[in-house]
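The values are calculated or read from the model by the stated rules, or taken from the named source; none is laboratory data. Nothing here was measured: the structure is a model prediction, and the numbers come from that model. As a convention, Cβ positions derive from the backbone with ideal geometry for all residues, glycine included, and neighbour counts pool all protein chains shown.
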Amino acid sequence: MLEAAATEFAERGIAGARVDRIAAAASANKALIYSYFGNKEDLFDAVFHALVVDTVEDVPIDPDDLPGYAARLFDRVQQQPYALRLALWHSLERGSASLPAAVVAANRQKADAIAAAQRAGRISDRFPPGELLALVTGLSVLGSPDLALTHTAGPDGLAARRRTVVESVRILTAKDGT
């Protein structure tokens, strides 16, 4: 059911999504969806929360290997092409002030792990931990099919973008700046 909702919300956002389409795609009862989730916005929040929790669990951060972490996030974008669209819809329709507690906690934990690695001298400290995290996650979305980077289309182009992400994060985190 959440997958059907994720697809609908990714395609149309909260305002354009219709619970009757979600119910039909999930072979579910529309009234039961409303009974369980309350309203369309709460259903969207449940979908977004599940996406965040699954990603945090499936792609744990390794502050000592941020290039590898970025590569795994890049790969995750390939596995869940709707994830970036859901995040964008959340930003557009819900705003950053309504970030789920799971997102805030996950980002805090990741930034704290990066800060600890920086204090220990294992990675560069030229960027504050939160900004470095934003750079790493931002670069990882270069794998999104929605970006339609025609100069790097196809499997070879995707592999090239992945290498670019990994190398960029390696440069950002290198102690000597190279």
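Annotations for the structure displayed:
- Qualifying residue in region 22-38 (condition: farther than 24 Å from ALA134 by Cβ and of a type in the set (Val, Ile, Thr)): yes
- Pairs linking a residue in region 52-70 that is on the phi < 0 side of the Ramachandran plot and touching a residue at least 60 places away in the same chain (Cβ under 8 Å) to a residue that is surrounded by fewer than 20 Cβ atoms within 10 Å (Cβ to Cβ) and of a type in the set (Lys, Arg), with Cβ atoms under 6 Å and 6 or more positions apart or on different chains, are PRO67/ARG170.
- Matching entry among GLU41, GLU57, GLU11, GLU93 (being farther than 21 Å from LEU139 by Cβ, of a type in the set (D, E, K, R) and within 13 Å of the chain's Cα centre (by Cα)): GLU57
- Elements of type helices (runs of 4 or more DSSP H) in region 95-178, at least 2 residues being over 30 Å from ASP45 (Cα atoms) and modelled with pLDDT of 90 or more: 101-119, 154-173
- Boolean, PRO81 is in contact with a Pro (Cβ under 8 Å, 6 or more places away or on another chain), in contact (Cβ under 8 Å) with a residue 12 or more places away in the chain and surrounded by 13 or more Cβ atoms within 10 Å (Cβ to Cβ): yes
- Single residue of region 49-64 satisfying the filter (of a type in the set (Asp, Glu) and more than 24 Å from LYS175 (Cβ to Cβ)) that is modelled with the highest pLDDT: ASP58
- For the residues ARG94, ARG119, the requirement of being over 19 Å from VAL59 (Cβ atoms), surrounded by 15 or more Cβ atoms within 10 Å (Cβ to Cβ) and not polar (S, T, N, Q) singles out ARG94.
- In region 63-87, residue nearest to the chain's Cα centre (by Cα) [restricted to those that are aromatic (Phe, Trp, Tyr) and over 12 Å from ARG162 (Cβ atoms)]: TYR82
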